[in-house]
Amino acid sequence: MLLLSREDIKKVFTMQDAIEVVKKAFCLVVEGECDAPIRTNIRAKKHDGCFLFMPAYAQELDAATLKVINIFPHNIDHGLPSSPAQVFLIDGKTGIMSAVLDGTYVTQLRTGAATGAAFEVLAKKDCRIGALIGTGGQAATQLEAMLAVRKLEEVRVYDLNGERTEAFADKMRNELGGYGARIVAVQSSDAAIEDADLVVTVTPATKPVFDGTKIKSGATISCVGSYQPHMQEMDPAVLPRASKIYFDSKEAVLAESGDILIPLEKGVITKDDFTGDLGDVLLGKTTGRENDDEIIVFETVGVATQDLVTAKAIYEKAVVAGAGYRWE
Ligand SMILES: NC(=O)c1ccc[n+]([C@@H]2O[C@H](COP(=O)([O-])OP(=O)(O)OC[C@H]3O[C@@H](n4cnc5c(N)ncnc54)[C@H](O)[C@@H]3O)[C@@H](O)[C@H]2O)c1
């Protein structure tokens, strides 16, 4: 069995690689070619946490995974990851475990790549300004994904915690400077989204984190953080302005995400307003963007198929490169 750490994965797998395989994952989702039951969620109310168990099997890949990811939102205040995880990759021919991967990093990569895939497919070609709201554990890969798919001049980053915003912006200027965009820490979400073509929200918020009336026409928004019915990052005011609403998986979003469930319940939108899953667009079954003025919303809660396809692709590259530690 191969043990693959974050550093091992970084050596063999890029954000661009992740975006390509996550697009494949979203196609498998809509084709029904991946058996991925809705995840088991066991609440740890005492610590506001939960344990999530995410299984997936795809015959086409001859592989299965189980990701164990535990969400403990207060960890960040103690310098610990809020979504620690491991991914177990299993050989689909023998049932033997092939690898254990650093699931915290696999999650960051594939979650960033979901936004990257959505922006690559749905955003207008000419985007200049990006906005990132939330600068915690998932933020770096969200930022890189944005930069990987559009040539941006500037990305404004904002977090409720001002120190974290500044530290994140500094770190990203060092790590992602090669993309050539200015990375600027700002003091409010209004300042972040003003004139932004691409907007990402990645927070555990329970109230909208931006003003939906201030999103400019032509913008594409990826909402990543809301994975429980009471959680909400997206301002419902943007929904009537949006001409299209896409999901990573409609089934998963409607099982979990307050971003969509709350406005549905309040009658701000109906199910007729849903355009489809991103996989439908990738497979040519649904229209994507039709002009540069449309506001487009993408909601992602994350699906186990993303972990399966990403883990398998990382494993294959690691074997070729001789990366990782073999545990016999
Ligand atoms: N969609 C997916 O596939 C997926 C995958 C992993 C994590 N998530 C979710 O994404 C969210 C973020 O995850 P993380 O690991 O980065 O969390 P984190 O705890 O590391 O960071 C969250 C950040 O959001 C900031 N924040 C909270 N409320 C805010 C607000 N109103 N405005 C601006 N900033 C605010 C916090 O200060 C913190 O810096 C969580 O809800 C997590 O469960 C989604």
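The values are calculated or read from the model by the stated rules, or taken from the named source; none is laboratory data. Bear in mind the structure is a predicted one, so any value in this text is a computation, not a measurement. All Cβ positions, even for glycine, are placed from backbone atoms using ideal geometry, and neighbour counts span all protein chains on display.
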Practice task
Any residue in segment 315-328 that's more than 13 Å from residue 17 (Cβ to Cβ): show its pairings with residues that are part of a loop (DSSP other than H, G, I, E, B) at Cβ separation under 6 Å, as long as the two are six or more apart or on different chains.
Solution key: 327/1
Handout entry: Qualifying residue in segment 115-126 (condition: within 10 Å of the ligand (Cβ to nearest atom), modelled with pLDDT of 95 or more and not aromatic (Phe, Trp, Tyr))
Key = yes
Fill in the blank from the handout: A careful count of residues in segment 36-75 that are farther than 16 Å from residue 103 by Cβ, in contact with a helix residue (DSSP H, G or I) (Cβ under 8 Å, 6 or more places away or on another chain) and not in a loop (DSSP other than H, G, I, E, B) gives 4
Practice task
Test each condition in (1) touching a helix residue (DSSP H, G or I) at 6+ places or on another chain (Cβ under 9 Å); (2) modelled with pLDDT under 95 for residue 328 and report the one that comes out false.
Solution key: (1)
Problem - Members of segment 202-221 found to be away from the ligand (no atom under 15 Å from the Cβ), among the hydroxyl-bearing types (Ser, Thr, Tyr) and touching a strand residue (DSSP E or B) at 6+ places or on another chain (Cβ under 7 Å), listed by number - result: 217, 220
Problem - Residue in segment 131-147 that is farthest from the ligand (Cβ to nearest atom), counting only those that are buried (at least 21 other Cβ atoms within 10 Å of the Cβ) and assigned to a helix (DSSP H, G or I) - result: 147
Handout entry: Set 152, 160: member being over 13 Å from the mean Cα position of the chain (by Cα), within 23 Å of residue 262 (Cβ to Cβ) and outside any helix (DSSP H, G or I)
Key = 160
Completion exercise
Subset of segment 148-193, residues within 12 Å of the ligand (Cβ to nearest atom), closer than 16 Å to residue 119 by Cβ and either at pLDDT below 95 or surrounded by fewer than 22 Cβ atoms within 10 Å (Cβ to Cβ) (or both), comes to none
Exercise for the section: Quick one: count up the residues across segment 56-80 that are more than 16 Å from the ligand (Cβ to nearest atom), crowded, with 18+ Cβ neighbours inside 10 Å and not hydrophobic (A, V, I, L, M, F, W, C). Expected result: 1
Practice task
Quick one: in segment 81-94, of everything that is part of a loop (DSSP other than H, G, I, E, B) and modelled with pLDDT of 95 or more, which residue is nearest to the ligand (Cβ to nearest atom)?
Solution key: 84
Practice task
Take segment 251-280 and flag every residue that is in a loop (DSSP other than H, G, I, E, B), more than 16 Å from the ligand (Cβ to nearest atom) and touching a Pro at 6+ places or on another chain (Cβ under 8 Å).
Solution key: 268, 269
Completion exercise
Within segment 281-305, residues being more than 16 Å from the ligand (Cβ to nearest atom) and not polar (S, T, N, Q) number 13
Exercise for the section: Report yes if residue 26 is farther than 29 Å from residue 328 by Cβ and in contact (Cβ under 8 Å) with a residue 40 or more places away in the chain, otherwise no. Expected result: yes
